[in-house]
Amino acid sequence: MSENPKNSDQIKETLEEIHGIHGKKCNCTMSLRADLWLRHTGDDLELTPSNFHGALAEWLVNTGLVEKSAQTHVEAALYCLGVTNSNNLFQKVQQGKMGPYGIGKNGRRNGNKKK
């Protein structure tokens, strides 16, 4: 990723746009998702369902949001949260399947724990 002023300004504009969308709880457009992803990836970054957690961890390092030394930890955590497939934590929470484990349908601690 080159660090020229034009590129830096484009990144700032993109981030402002996604912050606005996030604040309104709207969906990002596919073109914005692609733009955001492609700004911080390399040609060799594998983006497949089985490696998405790894690609996302590498992307976070490339953006500067995660330290390089923490990349493997982030990758493992994303894998555990189900970022690799449709069997993810968000879906399980919405389906109410995490209730016995202490997470309610709203994603907050519900006090129940499976014994």
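Summary table
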{"item": "Test: residue in region 78-92 that is at pLDDT 90 or above, out of contact with any strand residue (DSSP E or B) (no Cβ under 6 Å at 6 or more places or on another chain) and either under 22 Å from Arg33 (Cα atoms) or surrounded by 13 or more Cβ atoms within 10 Å (Cβ to Cβ) (or both)", "result": "yes"}
{"item": "Test: residue in region 54-62 that is over 13 Å from the mean Cα position of the chain (by Cα) and open to solvent by 60 Å² or more (accessible area, probe 1.4 Å)", "result": "yes"}
{"item": "Subset of region 58-70 (residues that are of a type in the set (A, V, I, L, M, F, W, C) and more than 16 Å from Arg33 (Cα to Cα))", "result": "Val61, Leu65, Val66, Ala70"}
{"item": "Flag for Thr29 being in contact with a helix residue (DSSP H, G or I) (Cβ under 9 Å, 6 or more places away or on another chain), closer than 23 Å to Leu15 by Cα, among the hydroxyl-bearing types (Ser, Thr, Tyr) and surrounded by 13 or more Cβ atoms within 10 Å (Cβ to Cβ)", "result": "no"}
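The values are calculated or read from the model by the stated rules, or taken from the named source; none is laboratory data. These figures come from a predicted structure and were not determined experimentally. FYI the Cβ positions are ideal-geometry reconstructions off the backbone, even for glycines, and counts take in every protein chain you see. Surface areas here come from the heavy atoms of the whole protein model, side chains and all, with no ligands, DNA or RNA. Shrake-Rupley method; radii C 1.70, N 1.55, O 1.52, S 1.80 Å.
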